[in-house]
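Below: one structure, written as structure tokens.
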There are 2 protein chains.
Amino acid sequence: MTDLLLRDVRPWGGPATDLLIRDGRIAPAGSGSAAGSSSAAGSSSAAGDVQEIDGGGRLALPALVDAHAHLDKTTWSRPYRPHSAGSSLASLVDNERAVRGSLGPVADRAGALLDRYIERGVLHVRSHVDVDTEADLDSIVGVRAAAADRAGIVDVEIVAFPQSGLLIRPGTADLIDTAIDAGAHLVGGIDPAGFDGDPIKHLDTIFALAADKGVGLDIHLHDRGTLGAWQVDRIVERTHNLGLTGKVTIAHCFALSTVDDARQNAMVDALAGADIAVTTVAPGGTPPLPLKKLAAAGVRLGVGHDGVRDLWSPYGTGDLLEKVWLLAYLAGYRRDEDIESALRIGTFGGAEVLGLKNYGLEPGCAANLLLIAGATPTEAVMDRSLDRLVIASGEVVAGAA
Amino acid sequence: MTDLLLRDVRPWGGPATDLLIRDGRIAPAGSGSAAGSSSAAGSSSAAGDVQEIDGGGRLALPALVDAHAHLDKTTWSRPYRPHSAGSSLASLVDNERAVRGSLGPVADRAGALLDRYIERGVLHVRSHVDVDTEADLDSIVGVRAAAADRAGIVDVEIVAFPQSGLLIRPGTADLIDTAIDAGAHLVGGIDPAGFDGDPIKHLDTIFALAADKGVGLDIHLHDRGTLGAWQVDRIVERTHNLGLTGKVTIAHCFALSTVDDARQNAMVDALAGADIAVTTVAPGGTPPLPLKKLAAAGVRLGVGHDGVRDLWSPYGTGDLLEKVWLLAYLAGYRRDEDIESALRIGTFGGAEVLGLKNYGLEPGCAANLLLIAGATPTEAVMDRSLDRLVIASGEVVAGAA
């Protein structure tokens with residue numbers, strides 16, 4: 001494998017340096033100079049077995065992490081389609097089941113969106129993928145195919161997701177069981193009380209599945225206020241009881257920002273105690289999660305796109321930096337250290353949620369990098385410049401020097 | 001003046017057509033075919049006195065309107081500067097007075113931001129410009145110079161704005177008086193109770209100034225809840241009493257979304273009754289304004305950038321479509337007609353706030369247009385494509401066919 005020497009890049013906005021990439025990893029400091037050739041600055045050249053790239057003073061960030069996607073649902077690469085659903089959760093779910101068959105193969109749409117992710121520097125994705133008694137495992141098969149076509153460039157972790165309900169749609173639990181055997185990585189869940197109607201039976205079922213298969217869980221929880229908070233407590237109990245600490249994520253978790261402060265503090269402590277991760281999509285209609293409180297307690301926290309231009313919503317562009325920007329904006333962040341903390345959620349935080357090994361900018365880390373224009377990390381978030389160079393497993397996969 | 005024939009454009013996403021621009025205005029339908037030459041599609045050519053431009057099927061929108069800007073404050077075109085202020089209003093105001101002298105001439109910074117506006121298709125701007133006893137009228141002079149350099153391309157309406165207070169900084173009212181004589185278009189105000197400390201005296205002063213000079217008023221009102229609502233009532237009274245209906249704008253008006261429904265309804269009716277306009281900047285930390293209720297009551301409603309990368313906040317890019325997108329996102333809009341209503345606020349709504357004549361896409365309207373890629377207005381808002389062509393007073397001022 002050819003070495004890659006990235007000249008004049010600034011890791012996380014620090015001083016300009018050279019980064020040598022060897023065997024797909026960031027090499028120890030100092031090994032760069034040994035590999036340096038005499039080729040002129042500003043050029044990209046292959047000298048012997050070292051390819052040099054002029055980073056042009058761009059920031060070097062670890063690749064963006066989308067910690068909550070729905071790749072199977074996107075209409076990306078398809079003609080724009082007016083929104084056709086009502087506003088209730090049930091209406092959105094039913095509309096999707098009725099219309100999705102007309103959208104074309106999952107593998108094509110998910111693949112097109114993954115290509116956009118790669119272009120923007122999003123190289124790690126956790127995607128919920130629908131499993132239901134009408135579509136069976138077709139969506140999982142499609143997303144797996146799209147991911148396989150891009151293996152080594154973008155990593156896709158799949159949650160077998162009972163979008164249409166688990167208990168209200170008998171047979172779905174068995175399908176999740178089969179999905180895990182077929183390569184899905186985590187067991188999903190959705191509003192055990194508010195949507196599926198029986199929180200104890202729902203949670204007992206998905207926790208048993210996860211424990212049995214030895215995989216993690218990622219549970220959609222939109223239920224707000226005390227109903228949501230009560231379910232968080234039930235999730236915490238089961239996480240401890242089944243030895244699943246560190247393997248459970250709660251997505252959205254609107255309950256955190258819709259209860260009083262005392263209840264919020266107790267919930268944050270309970271999540272930290274069970275090492276349960278939280279993901280947000282920076283929603284517009286709900287108060288922002290208590291990001292600083294969660295971080296201070298050590299709760300792993302990621303941000304995701306949610307859907308991108310799908311039957312649920314026309315929003316989303318495949319550029320996770322827009323979600324990072326939105327997260328900061330909605331939190332009222334103005335100071336640079338705060339805006340950088342939002343960027344950390346879109347990078348290191350997501351990596352912690354997904355449990356990525358060797359993630360980051362240190363020697364030994366996998367060379368999955370986003371080089372992007374910006375004087376500082378904050379300016380990069382504010383500008384969301386398209387002047388980017390994306391490196392996956394030590395090779396340039398998008399952009400130009 | 002050379003005629004301009006825009007081939008293959010879709011006004012507000014409608015069927016593709018040609019638009020003839022004559023004497024800086026949209027010519028009546030049918031006059032286009034008479035002016036058509038035989039030049040090949042896809043090319044831009046000057047045949048006789050008709051310049052043809054291939055619109056490439058882009059949407060044609062009337063130019064975007066920034067109904068609430070602070071051009072004098074921007075650091076646009078300057079190196080990125082970390083945020084240095086505290087979070088209180090007083091801290092932000094004091095920090096700005098202390099630091100602004102180091103930013104370089106207002107005319108240069110405001111001009112650079114106006115150039116960005118033009119590039120993005122924002123051709124009408126109402127800018128609040130600071131007036132205070134330290135900087136005197138320097139900022140007004142600077143913004144007027146920047147606007148004069150771009151006359152005929154972008155229109156700038158100036159509000160003489162007492163950012164540092166009116167009563168708490170004696171002498172400011174006289175400066176506003178002088179500013180209007182020197183060419184500022186409207187009298188400004190700021191939180192008569194919450195910041196300036198004497199709502200009756202503040203409002204009486206600025207209303208007397210406006211009535212005396214025969215100009216309009218645009219009042220910043222961040223005060224929330226019942227304190228804000230009480231001041232809205234006082235503004236409504238004075239608008240009627242001084243014969244200023246149709247000439248007053250309330251900026252931000254957080255009170256509208258922080259009182260109970262009955263009070264909100266009464267406020268909307270009172271605003272409509274006095275023909276008081278409202279502008280929003282799609283803020284993150286406050287519930288969105290009741291856009292549909294305001295529109296249904298006939299209240300003129302615009303959206304603005306607020307500051308762009310200034311000592312108040314690092315946000316803002318000069319692309320008003322981002323604010324339109326944010327307005328729709330925060331309102332929870334998903335259906336196309338709702339997202340189009342947000343785009344109307346960023347175009348026709350802002351034009352109504354500013355009282356622009358001959359604004360729109362009809363024959364006779366001034367040819368200030370944004371051509372932008374997108375299958376529908378909603379897709380244009382979602383994509384915020386940079387594939388744009390901007391026409392001001394009948395001439396191409398940004399982008400390429």
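The values are calculated or read from the model by the stated rules, or taken from the named source; none is laboratory data. Only a predicted model underlies this, so the values are computations on that prediction, with no experimental measurement involved. Because the Cβ atoms are built from the backbone with ideal geometry, glycine has one as well, and the counts that use them run over all protein chains shown.
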Selection within the range A:351-401 - over 18 Å from A:G55 (Cβ atoms), in contact with a helix residue (DSSP H, G or I) (Cβ under 6 Å, 6 or more places away or on another chain) and within 14 Å of chain B (Cβ to nearest Cβ):
A:T378, A:V381, A:R384
So, in the range A:346-397, exactly how many residues are in contact (Cβ under 8 Å) with a residue 40 or more places away in the chain, over 19 Å from A:G152 (Cα atoms) and in a loop (DSSP other than H, G, I, E, B)?
8
Determine which member of the set B:T258, B:T239 is in the same structural domain as B:K213 (by TED's automatic domain parsing), surrounded by 20 or more Cβ atoms within 10 Å (Cβ to Cβ) and either out of contact with any Leu (no Cβ under 6 Å at 6 or more places or on another chain) or under 19 Å from B:A295 (Cβ atoms) (or both).
B:T239
I need a count of the residues in the range B:7-23 that are in a strand (DSSP E or B), within 23 Å of B:R344 (Cα to Cα) and within 27 Å of the chain's Cα centre (by Cα).
5
Of the residues in the range B:244-293, those that are among the aliphatic types (A, V, I, L, M), over 27 Å from B:E157 (Cα atoms) and assigned to a loop (DSSP other than H, G, I, E, B) come to B:V259
I'd like to verify a number: residues in the range A:261-279 that are touching a helix residue (DSSP H, G or I) at 6+ places or on another chain (Cβ under 9 Å) and either of a type in the set (G, A, S) or within 14 Å of chain B (Cβ to nearest Cβ) (or both), how many?
6
Within the range A:136-151, identify whether any single residue is over 19 Å from the mean Cα position of the chain (by Cα), at pLDDT below 95 and either under 30 Å from A:L371 (Cα atoms) or not hydrophobic (A, V, I, L, M, F, W, C) (or both), and answer yes or no.
yes
Condition check: assigned by TED's automatic domain parsing to the domain that holds B:L327 and either among the small types (G, A, S) or within 29 Å of B:L321 (Cβ to Cβ) (or both). Does B:F207 satisfy that?
no
Counting only residues in the range A:301-329 that are crowded, with 24+ Cβ neighbours inside 10 Å and β-branched (V, I, T), the one nearest to A:R116 (Cα to Cα) is identified as A:V308
Would you be able to tell me the number of residues in the range A:330-350 that are crowded, with 24+ Cβ neighbours inside 10 Å and either closer than 26 Å to A:K73 by Cβ or within 8 Å of another protein chain (Cβ to nearest Cβ) (or both)?
8
Please verify whether B:V303 is out of contact with any Pro (no Cβ under 6 Å at 6 or more places or on another chain), away from chain A (no Cβ under 14 Å) and of a type outside the set (S, T, Y), treating the condition exactly as stated.
yes
Residues to consider are B:G298, B:G228; find the one that is farther than 30 Å from A:E322 by Cβ and either surrounded by fewer than 19 Cβ atoms within 10 Å (Cβ to Cβ) or not assigned by TED's automatic domain parsing to the domain that holds B:L113 (or both).
B:G298
Give the residue, chosen from A:T245, A:T249, that is of a type in the set (V, I, T), within 24 Å of A:A184 (Cβ to Cβ), out of contact with any Phe, Trp or Tyr (no Cβ under 7 Å at 6 or more places or on another chain) and surrounded by 19 or more Cβ atoms within 10 Å (Cβ to Cβ).
A:T249
Mind telling me which of the residues B:E395, B:E340, B:E352, B:E379 ends up being more than 13 Å from the chain's Cα centre (by Cα) and within 30 Å of B:M1 (Cβ to Cβ)?
B:E395
Counting only residues that are touching a residue at least 12 places away in the same chain (Cβ under 8 Å), under 22 Å from B:L354 (Cβ atoms) and outside any loop (DSSP other than H, G, I, E, B), how many does the range B:294-342 have?
18
